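Report on one structure; see the data block that follows.
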Amino acid sequence: MDKSNISRATLGRLPDYLQFIRDNITGETVSATAIARGLSLGEVQVRKDLNMICGAGRPKIGYRTSVLTQALETALGTEHPASAVIVGAGKLGRALLAFDGFTAYGVSIIAAFDTRAKEIDGSCGEKRIYPMEELKEYCQAHDVSIGIITVPAVAAQSVCDMLAGCGITSIWNFAPCKVSAADNMTVKNENLALSLAHLYMTEKKA
């Protein structure tokens, strides 16, 4: 599948479609209408997205669940997951490193790096925690394309710049601040405290 013709916005919605099907669809077929309703998305948008990766569904029937699931997995690259590394092997970094659920959506976290690698446990299950001096060589040797930042805010931007220098093209940032990168890189900033605050305020108003 040539993903170069699929927009970034469409690619960003594919994991939601795959998760919805895995969690909710037990029948042999699934419709774009059901997916759109289940995810509170526009039906026209969902149809366009699915058409890009699996062709048009059959009228009044939709898609064969197994065929659409395979198409989504292929588009997400679950058969050959993209390699990711973590910088910052604190509690959050080690928790992400130990979690194996990312491979179901096309990403495999293969190692972590930390300035204190020699002081902390050098492994997390079968995965290693390496010193920062080995970051660039490791990324290039293992064709790493995704960097995950779990360091304090004061170090986040410098780590982002370092990852860019290693050939990383996508950044997932968990530091409590925003980081920026070149226009040809993808950056997703997560703020766990802010997300929790939004959740609390929404619950408070309910």
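The values are calculated or read from the model by the stated rules, or taken from the named source; none is laboratory data. The structure presented is a predicted model; accordingly, all values stated were derived computationally and were not measured. Glycine also receives a Cβ, built like all others from the backbone with ideal geometry; neighbour counts cover every protein chain displayed. Heads up: the accessible areas ignore ligands, DNA and RNA and are worked out on the full protein's heavy atoms, side chains in. Shrake-Rupley method; radii C 1.70, N 1.55, O 1.52, S 1.80 Å.
So residue 117 ticks every box in (1) part of a loop (DSSP other than H, G, I, E, B); (2) under 20 Å from residue 185 (Cβ atoms) but one. Which box is left unticked?
Looking at each condition in turn, residue 117 falls short on (2).
Any residue at all in the stretch 15-35 that's of a type in the set (A, V, I, L, M, F, W, C), more than 30 Å from residue 144 (Cα to Cα), free of Cβ contacts under 8 Å to residues at least 24 places away in the same chain and buried (at least 20 other Cβ atoms within 10 Å of the Cβ)?
Yes; the residues of the stretch 15-35 include at least one that is of a type in the set (A, V, I, L, M, F, W, C), more than 30 Å from residue 144 (Cα to Cα), free of Cβ contacts under 8 Å to residues at least 24 places away in the same chain and buried (at least 20 other Cβ atoms within 10 Å of the Cβ).
Restrict the check to the stretch 160-176 and report whether at least one residue is modelled with pLDDT of 95 or more and acidic (Asp, Glu).
Checked the stretch 160-176: at least one residue is modelled with pLDDT of 95 or more and acidic (Asp, Glu).
Select from the stretch 117-159 the residues that are surrounded by fewer than 22 Cβ atoms within 10 Å (Cβ to Cβ) and hydroxyl-bearing (Ser, Thr, Tyr) and write down the one among them that is modelled with the lowest pLDDT.
123
Report yes if some residue within the stretch 104-114 is closer than 23 Å to residue 18 by Cα and of a type in the set (S, T, N, Q); otherwise report no.
Looking through the stretch 104-114, at least one residue is closer than 23 Å to residue 18 by Cα and of a type in the set (S, T, N, Q).
Condition test on residue 113, is it of a type in the set (Phe, Trp, Tyr), closer than 19 Å to residue 170 by Cα, free of Cβ contacts under 8 Å to residues at least 60 places away in the same chain and surrounded by fewer than 18 Cβ atoms within 10 Å (Cβ to Cβ)?
no
Per-residue answers, yes or no, for (1) touching a helix residue (DSSP H, G or I) at 6+ places or on another chain (Cβ under 9 Å); (2) over 30 Å from residue 175 (Cβ atoms); (3) at pLDDT 90 or above:
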site	(1), (2), (3)
46	yes, yes, yes
58	no, yes, no
65	yes, yes, yes
84	yes, no, yes
91	no, no, yes
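Just give me the residues in the stretch 62-109 being open to solvent by less than 10 Å² (accessible area, probe 1.4 Å), outside any helix (DSSP H, G or I) and among the aliphatic types (A, V, I, L, M), in sequence order.
Matches in the stretch 62-109: 84, 85, 86, 87, 89, 109.
Is there any pair linking a residue in the stretch 180-191 that is under 12 Å from residue 157 (Cα atoms) to one that is at pLDDT 90 or above and among the basic types (Lys, Arg), with Cβ under 9 Å and at least six apart or on different chains, and which?
187/178; 189/178
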